[in-house]
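The structure under discussion appears below in the form of structure tokens.
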Amino acid sequence: MISFEFPVTERTRILLRLEYLYGRLAYFVGKDDPYDHHAALQVLFELMETASRADLKADLLQELERQKQVLEALRENPNVAEETLEGVLEEIERASGKLLALTGKFGQNLRENEWLMAIKQRAGIPGGTCQFDLPSYHLWQQRSAETRRQDLQRWAAPLMPTADASDILLRLLRDSGKTHHYVARKGAFQQMSGGKVVQLIRVAYDDNLELLPELSANKYALNIRFISAVTGEARPRQIEQDVEFYLTNCKF
């Protein structure tokens, strides 16, 4: 099976982007090659821009607190595993505490590092980080992999509380989903929403199908159409055959 996730709200869109970027950061930092560590730096710069919204910290804290209250109300529910519940509540407490401890603008430690900002500026130019453009950066790339890794981890450390918070919220959101099996007749599917708003929609189907789902959703209706994904087609077209798929609606 292959699945596609579609954020319905702006908050979910930001959370998914953060997850994607933090995943790439962990991957490249864990490597040893200077090119991988260059990619890690570029991800740091992307994170700095993606999470620079002034209200992101407040949004994350507010949603963590809301989820905490929802989960605490389940303490007396005999159908809920108490140990698992307490573990999630502890995670929320730790993530909230780390976020509260953050001071200043997100990524401020990077913005105040003139050396990193010079790399960021040159990185926007094709080939702009060549050794003759940034000799000090070239020197850094010649240091041991462990030294570079420690530097990257130090620069990334003030950003990680946001990673922890977004990870918890996305996990809770995905766990809330209910999955149903449907058939898109001639590649098209519509479902009335009845005024219900979800935060995340997942569409999954056989990965042998050369298809892509296109989705539009609001509080009134959900529309999905499957289009051909054959490489080289000038204009993707809606397919004419029926498609079996699984639909998951996730809502806090």
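If a residue has to be part of a loop (DSSP other than H, G, I, E, B) and of a type in the set (A, V, I, L, M) to count, how many in the range 30-74 make the cut?
Step one: list which residues in the range 30-74 are part of a loop (DSSP other than H, G, I, E, B), which gives 30-33, 51-55, 73-74.
If we keep only those that are of a type in the set (A, V, I, L, M) as well, we get 51, 54, 73-74.
Summing the residues that are part of a loop (DSSP other than H, G, I, E, B) and of a type in the set (A, V, I, L, M) in the range 30-74 gives 4.
Please pick out the residue among Arg143, Arg75, Arg66 that is open to solvent by 30 Å² or more (accessible area, probe 1.4 Å) and in contact (Cβ under 8 Å) with a residue 60 or more places away in the chain. Before you say what the answer is, go through the steps one by one.
Working: Arg143 fails: in contact (Cβ under 8 Å) with a residue 60 or more places away in the chain; Arg75 fails: in contact (Cβ under 8 Å) with a residue 60 or more places away in the chain.
From the options Arg143, Arg75, Arg66, the qualifying one is Arg66.
Count, please, the residues in the range 78-92 that happen to be open to solvent by less than 50 Å² (accessible area, probe 1.4 Å) and in contact (Cβ under 8 Å) with a residue 12 or more places away in the chain.
The total comes to 4.
Here are the criteria: (1) under 28 Å from the mean Cα position of the chain (by Cα); (2) surrounded by fewer than 13 Cβ atoms within 10 Å (Cβ to Cβ). Tell me which single one Trp155 does not satisfy.
(2)
Would you point out which residue out of Val183, Val203 is open to solvent by less than 50 Å² (accessible area, probe 1.4 Å), in a strand (DSSP E or B), in contact with a Pro (Cβ under 7 Å, 6 or more places away or on another chain) and in contact (Cβ under 8 Å) with a residue 12 or more places away in the chain? Quick ask: steps written out before the conclusion?
Values: Val183 fails: in contact with a Pro (Cβ under 7 Å, 6 or more places away or on another chain).
Every option except Val203 fails the conditions.
Buried (at least 19 other Cβ atoms within 10 Å of the Cβ) and either at pLDDT 85 or above or among the basic types (Lys, Arg) (or both): is that true of Leu212 in this structure?
Working: buried (at least 19 other Cβ atoms within 10 Å of the Cβ): no; either at pLDDT 85 or above or among the basic types (Lys, Arg) (or both): yes.
No.
Could you please tell me which pairs satisfy a Cβ distance under 7 Å, a separation of 6+ or placement on different chains, a first residue in the range 121-132 that is surrounded by 12 or more Cβ atoms within 10 Å (Cβ to Cβ), and a second residue that is aliphatic (A, V, I, L, M) and part of a loop (DSSP other than H, G, I, E, B)?
Every condition considered, the pairs that remain are Arg122/Leu134.
The values are calculated or read from the model by the stated rules, or taken from the named source; none is laboratory data. Just so you know, these numbers come straight off a predicted model, no measurement behind them. Using ideal geometry, Cβ is built from the backbone for each residue, glycine included, and neighbour counts are taken over all protein chains shown. Heads up: the accessible areas ignore ligands, DNA and RNA and are worked out on the full protein's heavy atoms, side chains in. Shrake-Rupley method; radii C 1.70, N 1.55, O 1.52, S 1.80 Å.
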